[in-house]
Amino acid sequence: MASAGRPRALTARDAGLVACHVCGKLQRFAEGADCMRCGSELHQRKPDSLQRSWAFLVCALVLYIPANTYPILTTTTLGVESHSTILEGVIELWQLGSYPVSIIVFLASIVIPIVKFLVIGSLLLLIQRGRTGSLGQQTRLFRFIEYIGPWSMIDVFVVILLVALIQFGGVASVYPGSAAAAFAGMVIATMFSAIFFDTRLLWDNL
């Protein structure tokens, strides 16, 4: 909010300018016009940003439950099957002395998704309720969450590598569990939730 006797700073929107949401080029806005650089349709704000972000966030929350309760790996050794969830895998890695790998998997698979849920959800609520706070800090936090988002796929990559490498006929084999698909879907849904989220809506509350 502008202080007393100090005019509010002129924004790009006030000046009739808009940044393309695809390539980021700043240009004059006209309803229905296309970006002069990449040809994408110009929007002052991403269409239905809140609704789409909420939809994908709720979808990710729903998928998070089976992703962490169902087995992500099924291992067969000499005809004996064993199933492991993500958390069980983290504990087993820790017990085997692979502390760095255990910590990385725990952060990427358990902590980061929860942090993303909390950050995106809280920002969406702030926009809907018309509240403002430390907008610069909120924007930087969202950019950080957006950046680390793909790292949550580390579990899926590990499963793919294990399935490809550990296939010894009837002696030992590894297969992806039902949680692998749910986990991949959860990560993709949170990424789409972040993609459709428009941080400019935070500043509109001013």
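Derivation of every value follows stated rules applied to the coordinates shown; laboratory data play no part. This one's a predicted model, so the numbers in the text were calculated from it and none came from an experiment. Counting neighbours? That spans all protein chains shown, and the Cβs are built from the backbone with ideal geometry, glycine included.
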Residue-span extension gain [Glu81 to Ile65] - 0.36 nm each, minus C-alpha spacing: 3.4 nm
Centre separation in Å (Cα based) which lies between the stretch 102-138 and the stretch 43-89: 17 Å
Integer Hz, Karplus 6.51/-1.76/1.60 couplings in order for the stretch 32-40, x for Gly and Pro: x, 7, 10, 5, 6, 9, 10, x, 6
3J(HN,Hα) from dihedral phi, the stretch 136-147, Karplus parametrisation 6.51/-1.76/1.60, rounded to Hz, x for glycine, proline: x, 5, 4, 5, 5, 5, 5, 4, 5, 4, 5, 5
Karplus-derived HN-Hα couplings along the stretch 185-202 (A = 6.51, B = -1.76, C = 1.60, θ = phi - 60°), whole Hz, x at Gly and Pro: x, 5, 5, 5, 5, 5, 5, 5, 4, 6, 5, 7, 6, 10, 5, 5, 5, 4
The stretch 33-157: radius of gyration and largest Cα-Cα distance (Dmax), Å: 19.5, 64
Placed amide H near Leu17: partners under 5 Å, 5+ positions off or other chain: Phe29
Protection proxy ranking of 192-204, 85-97 - average other beta-carbon atoms within 10 Å, highest first: 192-204, 85-97
Dipole of the stretch 34-100 [Lys/Arg +1, Asp/Glu -1 at C-beta], most positive-end residue of Gln44, Asn68, Phe56: Gln44
Local net charge near Val119, Cβ-Cβ under 12 Å (Lys/Arg +1, Asp/Glu -1): +2
5 angstrom amide H check on His43, placed H, neighbours 5+ away: His21
13 Å beta-carbon shell around Ser82, net charge (K/R +1, D/E -1): -3
Estimated distance in nm for a label pair at Glu88 and Tyr147, the labels positioned 7 Å out from Cα along Cα-to-Cβ: 3.7 nm
Local net charge near Ser40, Cβ-Cβ under 13 Å (Lys/Arg +1, Asp/Glu -1): +1
Contour excess over end-to-end distance, with Cα ends at Tyr99 and Ala33 and 0.36 nm allotted per residue: 18.4 nm
